[in-house]
Amino acid sequence: MKIGNIRVFWGCVVLIFIFVISLHSCSSLPKVADASPQILVDQFGYRPRDPKIAVIREDGNSHPKNTESTNIFNVINVSTGESVYSNNATPWNQGKIHSQSGDIAWWFDFSSVSKPGRYIVSSQSGEKSFPFEIAEDVYRNILVAATRMYFYQRSGFAKRLPYADARWQDDAAFLGPQQDTEARFIDDKENPALARDMRGGWFDAGDTNKYVTFAEDPVHQLLHAYSQNPDVWTDNFNIPESGNGIPDLIDELRFELDWLQRMQDSDGGAFIKLGTTDHNSAERPSLDKRPRFYAPKCSSATIAVASMFSHASLVFGSFPQLANYADGLGQKALKAWQWFESHPIETSCDSQIIKAGDADRTAQEQIGEAVAAAVYLFALTENPKYTNYIKEHLSQTQPFLAPVWSSYQVTQGDALLFYAKLPSADAALRELITNRFKELVRTNVSAYGNANDLDPYLAYMPDEHYHWGSNFVKANYGNTNYDVVLHNINPNKNDQYRVRALNSVHYFHGVNPLGIVYLTNMYDYGAEYSANEMWHEWLGKGIYSNALTSPNGPAPGYITGGPNKDSTGSATLRQQPPMKAYLDSHDVKLNMWEVTEPSIVYQAAYIKLLSKFVDN
């Protein structure tokens with residue numbers, strides 16, 4: 001891997017940072033944003049016809065409060081050294097300090113530069129942005145890398161050449177005695193008669209447990225990502241199933257769905273999760289010999305599989321070679337619905353003896369998820385009982401309770417929009433759904449369309465959303481804006497919603513107050529300041545510690561959790577403005593799982609968003 005002068009500089013910064021941490025307590029950590037570049041661009045680049053705005057940032061506490069910038073910025077062609085565009089930068093909000101970042105900012109609009117090539121933005125005073133590409137397929141390889149995260153997250157599956165890079169190989173994990181092929185029931189651990197084969201599926205996040213309820217959002221978002229832009233999803237993402245005539249995203253989803261089917265009992269009920277009872281992980285998953293246990297059947301898990309199986313049946317049914325598989329999923333979805341109908345809703349099913357995430361859902365959340373399941377089951381069967389269920393419980397879904405259509409519990413919002421496009425949908429119900437979406441778009445002007453007066457980084461969301469997993473919410477702000485375009489909610493302003501969604505992509509790619517790409521180890525893909533660390537048990541006790549200073553670094557393409565103003569492990573982070581409450585670290589002492597831990601949930605939201613801006 002070629003490392004230029006900038007890369008060497010960042011490597012030195014990281015080494016100094018690690019040294020400082022070793023000498024100081026948590027309360028005296030260096031300022032989070034010390035390593036931030038000043039001219040921010042999407043480090044991967046831009047498509048030729050898209051808007052292009054570089055954000056020039058200065059710390060508001062150290063910069064003189066001038067409201068105008070006379071400094072001229074240039075777009076330089078890296079190959080020729082020539083300036084192809086020159087203009088002044090415009091101060092954001094008359095030079096006021098942005099409260100969410102503590103920065104003063106300027107915008108340099110170079111949208112007119114559209115010729116494919118490699119460029120930098122430079123100032124008269126000599127500051128330079130990181131280099132970036134302009135190309136039609138500029139995000140294609142990024143999408144592939146991000147999607148391959150799910151291959152690396154596979155449980156019970158060896159990561160070997162040529163599908164896994166030599167730096168990130170491991171044998172199949174959790175296939176030993178009393179592990180996933182013969183997991184024991186958590187409430188009767190010594191009873192071998194209750195052992196079940198629950199192998200496969202994806203590790204949920206930075207741990208190696210697997211949760212049925214936590215799988216729901218990613219499975220649905222990836223299914224929608226496929227359906228809404230199928231041409232993007234080719235059969236060459238370099239996974240073992242590549243070349244089989246099925247898009248690799250569908251193959252990857254099938255790997256998870258195979259596991260989910262093993263989590264369903266013969267009576268239709270689904271067990272809620274599978275994992276270990278302590279945090280004593282091994283050096284890497286394949287060396288972990290701890291016994292594995294499954295938790296009870298739950299209403300929350302059962303309605304989740306009803307929803308996922310019915311949706312997947314619809315999508316997989318479009319492939320002739322998967323017709324039988326799709327039919328089987330549909331039958332299992334119906335059986336899960338029947339179980340859910342005949343059992344009370346439970347909200348304390350997960351005892352959390354299996355560590356660590358609480359996989360339970362509230363009664364209201366389960367009813368909302370049941371509405372989503374009813375949508376896909378109606379699409380499969382056209383049975384009016386599902387329409388009736390949607391009508392009776394529509395007001396209890398997240399889009400009818402929250403000010404943003406799909407920032408959380410996205411399964412529900414996506415399902416309702418899916419229903420509204422069904423030819424056989426009830427006309428009155430379609431109108432209710434569509435009018436509610438229109439109302440939210442019209443009234444919540446900070447969530448939809450141009451809210452650039454609130455955020456110089458062009459991807460606004462309120463302070464309260466910069467919590468554990470904030471990057472999930474950030475991606476969904478982009479997704480819900482793109483939904484406005486897809487569903488023709490306000491066609492006169494489609495460009496605004498599309499740009500708002502694209503700016504969320506740019507946020508992940510470096511246009512944020514830290515100037516960091518929130519995907520791990522993307523240096524081979526064009527990033528110059530990428531997330532170097534993440535909290536993950538797969539880090540191998542330090543073997544994969546840091547992308548610049550350890551032999552391997554984390555595998556590429558993992559979305560980290562994002563800024564967390566409520567982090568419990570570091571007083572320094574809590575003192576930062578919300579958008580800077582992030583540390584490029586996996587330090588257990590700082591509870592970095594609250595900040596840099598990845599998740600199949602965060603990953604799917606980003607992938608769904610990015611795929612809208614990728615052409616095959």
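Calculate the translational D of the chain in whole µm² s⁻¹ from Stokes-Einstein, where the hydrodynamic radius comes from the Kirkwood formula applied to all Cα pairs, the temperature is 37 °C and the viscosity 0.692 mPa s.
It comes out at roughly 131 µm²/s.
Answer rounded, prolate or oblate for the range 500-559, using the Cα gyration tensor with square roots of eigenvalues a ≥ b ≥ c: rounded when a/c is under 1.5, else prolate when a/b is larger than b/c, else oblate.
Here the range 500-559 falls in the prolate category.
Assuming 0.36 nm per residue, please report the length gained on full extension of the stretch Glu136 to Asp524 beyond their Cα-Cα distance.
Value of the extension gain: 137.8 nm.
Extension gain Glu283-Lys385, at 0.36 nm per residue separation less the Cα-Cα distance, in nm?
31.6 nm
How far is the Cα center of the range 90-120 from the Cα center of the range 439-492, in Å?
The range 90-120 and the range 439-492 have Cα centres spaced 19 Å from each other.
At a Cα cut-off below 20 Å, give the lysines reachable from Lys391, other chains included and same-chain residues fewer than 8 away excluded.
The reachable lysines, counting only those whose Cα sits under 20 Å from Lys391, are Lys421, Lys438.
At 18 Å minimum axial length over the Cα atoms and a Kyte-Doolittle cut of 1.6, report the qualifying DSSP H helices in the chain, or say none.
Long hydrophobic helices here: 5-23.
Taking H placed 1.01 Å from N in the peptide plane, check which residues at least 5 places from Val517 or on another chain put their amide H under 5 Å from its amide H.
Tyr529, Ser530, Ala531
Please go through the range 534-616 and write out the trypsin sites (Lys or Arg not before Pro) that DSSP classes as loop and that have at most 14 other C-beta atoms within 10 Å.
In loop regions of the range 534-616 (DSSP not H, G, I, E or B), the sparsely surrounded trypsin sites (Lys or Arg not before Pro) are Lys541.
Straight-line reach from Lys273: which aspartates and glutamates have Cα under 12 Å away, leaving out those fewer than 8 places along the same chain?
Asp180, Asp204, Asp350, Asp358, Asp360
May I ask you to compute the full-extension gain from Glu82 to Arg430, defined as 0.36 nm times their residue separation minus their alpha-carbon distance, rounded to one decimal in nm?
119.8 nm
Of the peptides 108-119, 461-472, 291-302, how do they stack up when ordered by the mean number of other Cβ atoms within 10 Å, highest first?
Going by the mean number of other Cβ atoms within 10 Å, highest first, we get 291-302, 461-472, 108-119.
Using packing as a proxy for protection, rank 411-417, 545-551, 490-496, 238-244 so that the peptide with the highest average count of other Cβ atoms within 10 Å comes first.
Put in order of decreasing packing, that is 411-417, 545-551, 238-244, 490-496.
Bear in mind that the values in this text are calculations on the coordinates, not laboratory data. The structure displayed is predicted, hence computed values, not measured ones. A quick note on method: Cβ atoms are made from the backbone with ideal geometry, for glycine too, and the neighbour counts reach across all protein chains shown.
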